[in-house]
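A short write-up of the structure that comes next.
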Amino acid sequence: MGEPTLDHVDGRDSAAVEREPGSVSPDGTERRGTTASAAAAAAATSAGSGGRSTGALALARVRRHLRSPGHPRLWIELLLIGVSYWIYSMIRNAVPTQQVRAEHNAADIWHFEQSLGAATEQTVNHWFNSVEWLIVGMNYYYATLHFIMTIGVLVWLFRRHPGRYQAARLALFVTTGIALVGYYFYPLAPPRLLTGGHFIDTVEVHHTWGSMASGNMASVSNQFAAMPSMHIGWSLFCGVTIAVLARRRWAKVLGLAYPLATLVVIVGTANHFYMDALAGAACTGTGFLASRLVYGRWAYAFPRIRTHVVATPAPPARVAAQAR
């Protein structure tokens with residue numbers, strides 16, 4: 001209710017009355033000399049400020065785009081997302097394996113949470129593991145929904161909210177970029193790989209298909225890229241998007257529930273500590289803030305659809321008045 005749906009590009013009714021050299025003014029006199037002088041002056045001005053005009057024009061276009069992003073192009077977005085995910089996967093898995101340091105960092109986090117009285121991950125992990133059908137479902141959730149939901153929300157934004165898509169996409173890219181920095185500089189073993197932590201690797205125990213972090217697939221995935229948790233980062237991005245933009249109340253509720261459910265899954269399967277989740281949420285918040293700084297307003301404050309308004313010619317009476 002009251003949601004902006006259309007964004008109009010500023011345009012004013014205008015009409016230019018051009019006279020060829022030798023044209024006759026309203027008083028019947030010919031103005032060849034005046035027209036030639038004006039043309040020469042305009043050419044000189046243009047030549048003197050050509051470089052500055054080009055730069056100013058480019059800057060004006062950037063500002064106009066940031067104020068009101070245009071409709072995204074499908075092939076550009078597919079290429080951009082595909083290349084970005086390839087780079088993300090390459091960097092994530094190219095981080096040098098630092099098992100000793102990763103386990104040391106995990107032990108530090110575990111002891112820190114214990115000092116706060118918040119170290120309940122082991123209890124949660126053992127309880128869910130005791131309910132086989134539930135933990136198997138959580139394993140599949142962890143392995144698949146992470147990608148399905150994120151791609152689905154991006155497609156929904158592209159199709160239904162094109163005016164907001166580019167600012168939201170930037171927020172997601174910044175979120176992911178910050179995560180890559182964390183993976184490189186702070187390798188962290190997940191709870192299931194913490195020596196002496198007595199956590200259960202639920203994928204190994206229940207032989208679940210699909211996880212890139214356990215079993216046979218562990219050799220092609222960086223198992224120590226756990227801080228921050230992008231399961232939380234991406235799910236929070238999706239949840240906020242759905243909660244803010246969905247029209248039906250039940251959809252908004254599901255949007256808010258999605259990152260909470262993801263938190264339960266990543267802890268229950270012993271893939272992340274609570275601190276990983278907190279860091280993932282901080283990445284998402286920073287991503288939205290970066291988008292706000294670049295575009296001048298929050299991603300979802302943009303109108304849903306942007307349309308161009310073409311300036312209409314001025315009526316003949318107005319043209320005649322300007323000619324006088």
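Before moving on, here are some points about what is shown:
- Enumeration of residues in region 160-189 that are within 22 Å of Q99 (Cα to Cα) and not in a helix (DSSP H, G or I): Y186, P187, L188, A189
- Candidates I109, I135 - the one that is in contact with a His (Cβ under 7 Å, 6 or more places away or on another chain), closer than 30 Å to T241 by Cβ and modelled with pLDDT of 95 or more: I135
- For region 190-244, a residue qualifies if it is assigned to a helix (DSSP H, G or I), modelled with pLDDT under 85 and under 30 Å from the mean Cα position of the chain (by Cα), and the qualifying residues are M217, A218, S219, V220.
- Residue in region 137-148 that is farthest from I305 (Cα to Cα), counting only those that are surrounded by fewer than 23 Cβ atoms within 10 Å (Cβ to Cβ) and out of contact with any Phe, Trp or Tyr (no Cβ under 7 Å at 6 or more places or on another chain): G137
- Test: residue in region 154-164 that is more than 12 Å from the chain's Cα centre (by Cα), modelled with pLDDT of 90 or more and within 27 Å of T120 (Cβ to Cβ): no
The values are calculated or read from the model by the stated rules, or taken from the named source; none is laboratory data. On a predicted model such as this, the values are computed, not experimentally measured, just so you know. Here Cβ is always computed from backbone atoms with ideal geometry, including for glycine, and neighbour counts include all displayed protein chains.
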